[in-house]
Amino acid sequence: DGVIWFDGELVPWREAKTHVLTHTLHYGLGVFEGVRAYATDCPELGRSGPCIFRLQEHTDRLFRSAHILGMKMPWTKDVISEAQKTVVRENNLSEAYLRPMCFYGSEGMGLRAENLKTHCIVAAWEWPSYMSPEAKELGIKIRTSSYTRHHVNITMCKAKANGNYINSMLALKEALDSGCEEALLLDNEGYVAEGSGENIFIVKDDGIIYTPELTSCLEGITRDTIIRFANELGLEVREKRITRDEVYVAEEAFFTGTAAEVLPIREHDGRAIGSGKRGPITEKLQTMYFEQVKGRREQ
Ligand code: PLP
């Protein structure tokens, strides 16, 4: 039940449909975002009720993704940002996961896209947590994937594009099938890229934080938030190529992402990371993250 914003209209959830000849369904070219609204509870800072975390940045990235793929956007950023607020409000959600998505419709088939029309939807639903509370506290087990970030991912990883998720899905399935909770994808040269839908950080050399440079991973908004927090704490963050064995011997490791939030990694390819549980820096950054999204920190 509820409503979905669809090309400028609020449409009942069950009627928000598209034709089987929808172009993006066939060829995969489309762009989307994953955004979260949190119930803020800090009236003393002027914040209470649902608040969409870093809405502007997500909308900006959606438009950048469309620009990279050459998709014409029929709406302005303001309209898409407003649509996100509207679906949270109209569906009476206090906490929500939001999905803005732009796709080519059924106006034509074939690979020439210049005459295709871009359609946009924004849906919102309750999706409290990606992982269990125990996983957030104790950490997860990950495995290096046999699938790597492929060509489109590597050269165009700034786009959050529908077609970029095939190897993420295969990698995640492989990890789940082998008893792990997440996958770690390497780039074409064998360096650490990212999780199926998360950026990775490791802590080593006595508290220095490392994360892969933005050549083979999505420019994560949570990644950026965590780098700012680390700077605020006076911790050094270095963006550099990371090898798989650097993760094995790290003091701490964690994933970041809108869905996964800040997620400790306790084991990688069967090897314990650090003490085998959430490390102190991870815990501190995770706490800051939850304080921030819940509106309890000064922005
Ligand atoms: N990497 C990939 C492949 C993703 O899909 C996501 C999720 O959007 C991320 C990283 C994390 O990005 P963000 O923190 O902006 O959600």
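What follows is calculated from the coordinates using simple rules that are stated; it is not laboratory data. Every value quoted in this text rests on a predicted model; they were computed, and no experiment measured them. When we count neighbours, we look across all protein chains shown, and the Cβ atoms used for this are built from the backbone with ideal geometry, even at glycine.
Explain nothing, just compute: Karplus ³J(HN,Hα) = 6.51 cos²θ - 1.76 cosθ + 1.60, θ = phi - 60°, for every residue of the range 236-244 in order, whole Hz, x for Gly and Pro.
7, 10, 10, 9, 7, 5, 10, 8, 4
Find the relative contact order for the range 3-125 and round it to a whole percent, using C-alpha pairs within less than 8 Å whose residues are 6+ positions apart. Display every interim value, and only then the final one.
Details: 210 pairs, mean separation 44.2, N = 123.
Answer for the range 3-125 is 36 percent.
So how far apart, in nm, are the two label points at Leu45 and Asn115 if each is 7 Å from Cα heading toward Cβ?
5.3
Rank by packing, highest mean first: peptides 63-70, 23-30, with packing defined as the count of other Cβ atoms within 10 Å averaged across residues. Walk me through the numbers before you get to the answer.
Values: 63-70: 16.9, 23-30: 18.6.
The most tightly packed comes first, giving 23-30, 63-70.
Taking the Cβ of Gly49 as the center, what net charge do the other residues with Cβ under 15 Å away carry, scoring Lys and Arg +1 and Asp and Glu -1? Intermediate results must be reported in sequence, preceding the final value.
Working: positive: Arg36, Arg47, Lys85, Arg89, Lys294, Arg296; negative: Asp41, Glu44, Glu90, Glu95.
Local net charge: +2.
Rounded to the nearest 20 Debye, what is the dipole magnitude of the range 233-281 about its Cα centre when Lys and Arg each give +1 and Asp and Glu each give -1 at the C-beta?
Working: 8 positive and 9 negative charges, 10 e Å.
In total the dipole reaches around 40 debye.
Between Trp75 and Arg228, what FRET efficiency comes out of the Förster formula 1/(1 + (r/R0)^6) with R0 = 41 Å and r the beta carbon distance, rounded to 0.05? Walk me through the numbers on the way to the answer.
Working: r = 29 Å, r/R0 = 0.72.
For R0 = 41 Å, the calculated efficiency reads 0.90.
How far, in nm, would the chain grow between Asn92 and Lys158 when pulled straight, counting 0.36 nm per residue and subtracting the alpha carbon separation?
On the way: separation 66, 0.36 × 66 = 23.76 nm, distance 3.24 nm.
Length gained, Asn92 through Lys158: 20.5 nm.
Counting Lys and Arg as +1 and Asp and Glu as -1, each charge on the Cβ, what is the dipole of the chain about the Cα centre in debye, to the nearest 20?
Numbers: 36 positive and 44 negative charges, 91 e Å.
Around 440 debye, computed over the chain.
Tell me which aspartates and glutamates have Cα within less than 19 Å of Lys240's Cα, excluding those fewer than 8 residues away on the same chain?
Asp187, Glu189, Glu194, Glu198, Asp205, Asp206, Glu213, Glu219, Asp224, Glu251, Glu252
Estimate the FRET efficiency between Glu82 and Phe290 by the formula 1/(1 + (r/R0)^6), using the beta-carbon distance for r and 22 Å for R0, to the nearest 0.05.
Working: r = 27 Å, r/R0 = 1.22.
Computed FRET efficiency for Glu82 and Phe290: 0.25.
Could you order peptides 193-206, 1-14, 47-60, 135-148 by the average number of other Cβ atoms within 10 Å of their residues, highest first? The partial results should precede the final answer.
Working: 193-206: 23.1, 1-14: 14.5, 47-60: 17.6, 135-148: 19.9.
Ranked from most to least packed, the peptides come out as 193-206, 135-148, 47-60, 1-14.
For the chain, what relative contact order do you get, as a whole percent, if you take Cα pairs closer than 8 Å and at least 6 residues apart?
Details: 628 pairs, mean separation 54.9, N = 299.
Rounded, it is 18 percent for the chain.
Just want the answer: with Cβ charges of +1 for Lys and Arg and -1 for Asp and Glu, which residue in Asn91, Val192, Thr243 is farthest toward the dipole's positive end in the chain?
Asn91
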